[in-house]
Amino acid sequence: MSAICLLHSSCVGVVVAAERRKNGGKRRGAGKARRFQIQSNTREQRPGFLKGRSVPGKALLTRSPDPPTSYHRSFSENDAGRNDHLENPLEEEVEDHSSSQKHDNTYAGKLRSSSSGKMMVQQVQNVNIGVRSSDYGRVMKFNKVLSDTTVILDRREAVLRRKRLEYLESVGQFYDLPDSERSDDEINMLRQIAVDCPRTVPDVSFFQQAQVQKSLERILYTWAIRHPASGYVQGINDLVTPFLVIFLSEYLEGGVESWSMSDLSSERISDVEADCYWCLTKLLDGMQDHYTFAQPGIQRLVFKLKELVRRIDEPVARHMEEQGLEFLQFAFRWYNCLLIREILYSIINRLWDTYLAEGDALPDFLVYIYASFLLTWSDELKKLDFQEMVMFLQHLPTQTWADQELEMVLSRAYMWHSMFNNSPNHLAS
């Protein structure tokens, strides 16, 4: 009798355990389904953000499908707006999840997301230089650069006002003077800047306007006086132009070819000049030895470029050496002007995204960018003699380049930087 009871208890235990496993499996399956649904809804219902594009470690800021309708310079207002956007989609997600029409809403959301994605691609493909929709994110980024990203949001506007006032005071102190109060060196430097400004980006008519050239002259002369170790060096005039285009895109509509500085008030022009001045200062702070006497920073990086090319593509390096071509003969201009004169101005902003993302590490990363840029034409270079190589490298075939070609150069540079930067022995001759 006891054996029968024991057998009965064992059977009951087996049935209960099986039932628990069955119910547990159902609960786990339901839990996974709920988590998958919530994640799907979260991915589908997050409009209003600046989105990054595909280069490992480097984000190109582009405009979200539903941008803010106001373009004020107040950072506290803009940041608060983005926080509101962050909260609303989460609330809508909970409501949709608990609603009986969840499936229909999700399907409609997918359709909206798909159509807005196609519209976004079309906008990016059709965008001209300086169109506000492509540059809004860069305006935010550049303002954070010049106001110092460590400043809390409610103080950033005050920092911008202080820096703009400091720039205006410097212009009044150094630029708005008669020549009789300047030294001979200052007069010669101002004369050289006045000669170089009309040569700045000659293929873009906007930079030939007298008011634009006057703004460039004020920015460059003020920067040179406040940085006496280097002063003004030809090539620095090119480095101001991407900042000028980005900050003006906040106020001027359409493409840069249709812009006119006369459409802006003098106060707004002064603000744009100040922002460009401080961004230029931030960019050059980590590479000022590129522009001091004998430019030792550039010479050092040219040597590193030669070593890196020899390590990556030895046949090209050997062919250039056999033909007697020195890297300094073509790479000096690359480092001096940061490739502005080598590629179309319409894609320069994409390059500037990477430059600013690198921060103080930019000089070392330039070596990898320029190695990748040079070896884009590895096969062609091996077929050329000395004179043909010189002519080819002075007139590179980049007239048809778009963002995709430039991003390929930056992707290779990032890959080689990851491989070699922390392994200097690999670059030993």
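We did not get these values from a lab; they are worked out from the coordinates using the rules stated. Note that this is a predicted model, so its numbers are computed, not measured. Cβ placement follows ideal geometry from the backbone for every residue including glycine, while neighbour counts extend to all protein chains displayed.
Between Gln404 and Gln288, the distance separating the two model label sites (each 7 Å from Cα on the Cα→Cβ line) works out to 4.3 nm.
When each of the peptides 344-351, 323-330 is scored by the mean number of other C-beta atoms lying within 10 Å of its residues, the order from highest to lowest reads 344-351, 323-330. For segment 184-339, the Cβ-based charge dipole about the Cα centre amounts to some 440 debye (Lys, Arg positive; Asp, Glu negative; other atoms uncharged). Most tightly packed first, judged by the mean number of other beta-carbon atoms within 10 Å of their residues, the peptides 404-417, 243-256 read 243-256, 404-417. Cross-link list Lys163/Lys214; Lys163/Lys304; Lys282/Lys383; Lys282/Lys304; Lys163/Lys306; Lys214/Lys306: which exceed 30 angstrom alpha carbon to alpha carbon? Where the Cα-Cα span goes over 30 Å, the pairs concerned are Lys163/Lys304; Lys282/Lys383; Lys163/Lys306; Lys214/Lys306.
Each label was represented as a point 7 Å from its Cα along the Cα-to-Cβ direction; for Met415 and Arg268 these points are 4.5 nm apart. Label separation (Ser423 vs Arg191): 5.5 nm, computed from points 7 Å beyond Cα along the C-beta direction.
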